[in-house]
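The structure appears below as structure tokens.
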Amino acid sequence: MLTILTVLFWLALAVVFYTYVGYAAIVGLWAKLRPRAPLPEQPFEPEVTLVVPAYNEADILAEKVRNCLALDYPAGKLRLLFITDGSNDHSGEVLAAFPGVQHLHQPERAGKSMAENRAIRYVSTPYVIFTDCNTLLNPEAVRELVRHYQDPAVGAVSGEKRVLRDGSAPGAGEGLYWKYESFLKRCDSDIYSLMGAAGELVSFRTDLFKPLEADTVLDDFVQSMRIVDAGYRVVYEPRAYAMEPPSFSLKEEMKRKVRICAGGWQAMSRLLPLLNPLRQPTVAFLYLSHRVLRWTLTPALLLLLLPLNAALALAYGGIYTLLLVLQALFYGAAALGWWRASRGQAAGPLLVPLYFTMMNVAVFQGAQRFWRNAQPAAWDKAQRAPAA
């Protein structure tokens, strides 16, 4: 019996280590060794439509429009389309002050995915960009995104999400996470394709955009991965970025993570062909390692490690006792970080165990929400701060 527990413990530890450390090391080296042909140097300025879904965002709409108008791209080739379906604030009055902006509105709210499905019918340009209303784009964003479409194998291009630092625990935690996540995205993209785009700033070849199911939670992720499934690459372009503020609080950040994890389970159920190594072996490896393990097996193994470690420490002591103490210290540091941050105190280095623990707890809550058949459309809009 103890032999079985020992094998299970070391297997679980190996999978956890691979998910968060080993995979990063492998793709980091792989990306460095994989040559990429440079894009042509000549200017590439096709017509583009920038779509901004906005629900009751009147307070930040004017700032968003001005940011879009300031983008470094020929004005005659960049069309702005805002869709405010279901909004019952004064969004229409704000947008009316900008005659160059196309505004779509209907009284019924059907969620972000349906708003995007409706907006795409009004897009006549070969490329379309979606961006969240509560973000600000850097001036070169459009130009940096569309230049990749000179490669006919590219079906979508994702920008980078940047969390504005405000000194809060959610801001610092998100910032640390996105540095790590951005590294993995760059590597995936350099190896073959990004494993899921960021909805804060993502572009598509318009003819590849397919209407999503009404209840889709992670619209950006599902849309981009279906493009990968169709045989195209999704490129990551960090020189095009969307800046947004962090969550109001750790509780709000936790709600956002639970929503994302529930959406991840939904997405996995709809993207099963991507796990078939006989179809696209590189995609299957990247998708399983970067996304699926994080949303399924690894959090369960993390939970299992504690009782396994305790049993082996009682039986053998030595290294198992040391590892158990380290686990206890890690989760104790996470609890202390939560306690300090929830009281407005600086969490400092405690943010690392805190944010790691939050992410994995969110997986269980998100999975529970998904399997209870909660209606994703009801929580389509993430709990977010007013725009940056």
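Placing pseudo-labels 7 Å out from each Cα toward the beta carbon at ALA75 and LEU272 gives an inter-label distance of 5.3 nm. Checking (i) 75, 56, 37; (ii) 64, 45, 42; (iii) 74, 48, 37 against the coordinates, the calculated Cα extents along the principal axes in Å falls under label (iii). Here the Karplus curve 6.51 cos²θ - 1.76 cosθ + 1.60, taken at θ = phi - 60°, turns the phi angles of segment 152-158 into couplings of x, 7, 8, x, 7, 9, 10 Hz, with x standing for Gly and Pro. Loop-located GluC sites (Glu not before Pro) in segment 13-110 (DSSP state other than H, G, I, E, B) with a sparse environment of at most 10 neighbouring Cβ atoms within 10 Å: GLU41, GLU108.
Using Cα positions and a limit of under 17 Å, work out the aspartates and glutamates in reach of LYS257, with same-chain residues fewer than 8 apart set aside. The qualifying aspartates and glutamates are GLU174, GLU181, GLU200, ASP219, ASP220, GLU244, ASP380.
Provide the net charge surrounding LEU271, with neighbours chosen by a C-beta distance below 10 Å and charges set as Lys +1, Arg +1, Asp -1, Glu -1. Before the final figure, lay out the partial values.
On the way: positive: ARG226, ARG270, ARG291; negative: ASP229.
Value of the local net charge: +2.
If one takes the longest principal axis of the Cα atoms in the chain, at what angle in degrees, from 0 to 90 and to the nearest 10, does the Cα axis of helix 351-371 lie? Its long axis makes an angle of about 80 degrees. Net charge near LYS77: determine it from the other residues with C-beta under 14 Å of the C-beta of LYS77, scoring Lys and Arg +1 and Asp and Glu -1. Taking every other residue near LYS77 into account, the sum is 0. For segment 89-203, a crude dipole built from +1 on the beta carbon of Lys and Arg and -1 on the beta carbon of Asp and Glu, taken about the Cα centre, is about 120 debye to the nearest 20.
Taking 51 Å as R0, compute the FRET efficiency from the Cβ-Cβ separation of ASP89 and LEU2 and round it to 0.05.
Here the calculated transfer efficiency is 0.20.
Kindly provide the helix-only [θ] at 222 nm of the chain, computed as the sum of -39,500 (n - 2.57) over DSSP H runs of four or more divided by all residues, to the nearest 500 deg cm²/dmol?
Values: 13 runs with 187 residues, N = 388.
The helix-only estimate for the chain comes to -15500 deg cm²/dmol at 222 nm.
Highest mean packing comes first when the peptides 80-89, 176-185 are listed by Cβ atoms within 10 Å, giving 80-89, 176-185.
Multiply the residue gap between ILE319 and ARG343 by 0.36 nm, knock off their C-alpha separation, and tell me the result in nm, one decimal place.
Numbers: separation 24, 0.36 × 24 = 8.64 nm, distance 3.63 nm.
That works out to 5.0 nm of additional length.
Summarising the label geometry, the points placed 7 Å from Cα in the beta-carbon direction at ALA335 and GLN42 lie 6.5 nm from one another.
Listed cross-link partners LYS185/LYS210; LYS210/LYS255; LYS64/LYS255; LYS32/LYS251; LYS77/LYS161 are compared with a 30 Å cut-off, the Cα-Cα value being larger for LYS32/LYS251. Largest GNM mean-square fluctuation across ALA242, ALA347, ALA198, computed for the chain with C-alpha springs under 10 Å, falls on ALA347.
I want the local charge near VAL123. Using Cβ-Cβ distances under 14 Å, sum +1 for each Lys or Arg and -1 for each Asp or Glu among the other residues. Combined, the nearby Lys, Arg, Asp and Glu give +3.
Quantify, in whole percent, the carbon and sulfur part of the accessible surface of segment 59-141 (1.4 Å probe; protein heavy atoms only). It would help to have the intermediate numbers written out before the result.
Working: 1880 of 3650 Å².
Solvent-exposed carbon and sulfur of segment 59-141 make up 51 percent of the total.
Within the accessible area of segment 283-329, the carbon and sulfur atoms contribute 84%, probe 1.4 Å, all protein chains present. Net length available on complete extension from HIS105 to ARG279 is 58.5 nm, with 0.36 nm assigned per residue and the Cα-Cα distance removed. Accessible surface for the chain, divided over its residues, is 45 Å² per residue with a 1.4 Å probe. In the chain, taking the dipole from charged Cβ atoms about the Cα centre, the farthest positive-side position among LEU137, VAL202, ALA335 is held by ALA335.
The values are calculated or read from the model by the stated rules, or taken from the named source; none is laboratory data. It should be emphasised that the depicted structure is a prediction, and the values quoted were computed from it without experimental measurement. As a convention, Cβ positions derive from the backbone with ideal geometry for all residues, glycine included, and neighbour counts pool all protein chains shown. Side chains included, ligands, DNA and RNA excluded: accessible areas come from the protein's heavy atoms. Shrake-Rupley method; radii C 1.70, N 1.55, O 1.52, S 1.80 Å.
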